[in-house]
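Q: First the structure, which I've put down as structure tokens, then a few questions once you've had a look.
The values are calculated or read from the model by the stated rules, or taken from the named source; none is laboratory data. From a predicted model like this one, the values you see are computed outputs, not experimental measurements. Counting neighbours? That spans all protein chains shown, and the Cβs are built from the backbone with ideal geometry, glycine included.
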Amino acid sequence: LFYFLVVLLAALIIREGRKKYGVLEQSGIPVIEPTLFLGSEPNIHKTVLHLADIERFNKYGPIWGSYIGKNATFLLRNPELIRLIFVKDFSTHFGEPTGF
């Protein structure tokens, strides 16, 4: 009974950790393949991130994604698209800005 509970608990933890995997793939964004439940980069603390990002932009193109834990993230390198989202269509994506 104890082993069954341990296996069940491990299965539930893995299922919860992988819950959001596949979101980026459904959107057509190239993704770094995720591990079992630790995200795309389980050794992120050992990586020089800006150098790894440059390599991935060269490999995947101007838009690519990864999973940090179970959270989907995507990076983009297209300045025109960034300007379009953050300047022209800001209120469409983020709502009206509130004063400071």
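Q: Having 1 or more residues that are surrounded by 13 or more Cβ atoms within 10 Å (Cβ to Cβ) is the bar; report the helices (runs of 4 or more DSSP H) wholly within region 1-85 that clear it.
A: Details: elements: 2-17, 23-26, 49-60, 79-83.
The qualifying helices (runs of 4 or more DSSP H) are 2-17, 23-26, 49-60.
Residue-by-condition table, conditions (1) in contact with an Asp or Glu (Cβ under 8 Å, 6 or more places away or on another chain); (2) more than 23 Å from R77 (Cα to Cα):
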| position | (1), (2) |
| --- | --- |
| Y3 | no, yes |
| L12 | no, yes |
| E16 | no, yes |
| E25 | no, no |
| G28 | no, no |
| E41 | no, no |
| T47 | yes, no |
| N58 | no, no |
| G65 | no, no |
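Q: So which pairs qualify, if the first residue must be in region 9-29 and touching a residue at least 40 places away in the same chain (Cβ under 8 Å), the second must be surrounded by 11 or more Cβ atoms within 10 Å (Cβ to Cβ) and among the basic types (K, R), the Cβ gap must be under 7 Å, and the two must be at least 6 apart or on different chains?
A: Hits for this filter: G17/K70; R18/K70; K19/K70; K20/K70.
Q: Also, quick follow-up: If I filter region 48-58 for residues that are under 23 Å from I14 (Cβ atoms) and either in contact with a strand residue (DSSP E or B) (Cβ under 8 Å, 6 or more places away or on another chain) or among the basic types (K, R) (or both), do I get at least one hit?
A: Residues of region 48-58 under 23 Å from I14 (Cβ atoms): none.
Scanning region 48-58 turns up no residue that is under 23 Å from I14 (Cβ atoms) and either in contact with a strand residue (DSSP E or B) (Cβ under 8 Å, 6 or more places away or on another chain) or among the basic types (K, R) (or both).
Q: Determine the pairs where a residue that is at pLDDT 70 or above, located within region 76-100, has a partner that is among the aromatic types (F, W, Y) with Cβ atoms under 8 Å apart, the partner being 6 or more residues away or on another chain.
A: Close Cβ pairs satisfying both conditions: R77/F57.
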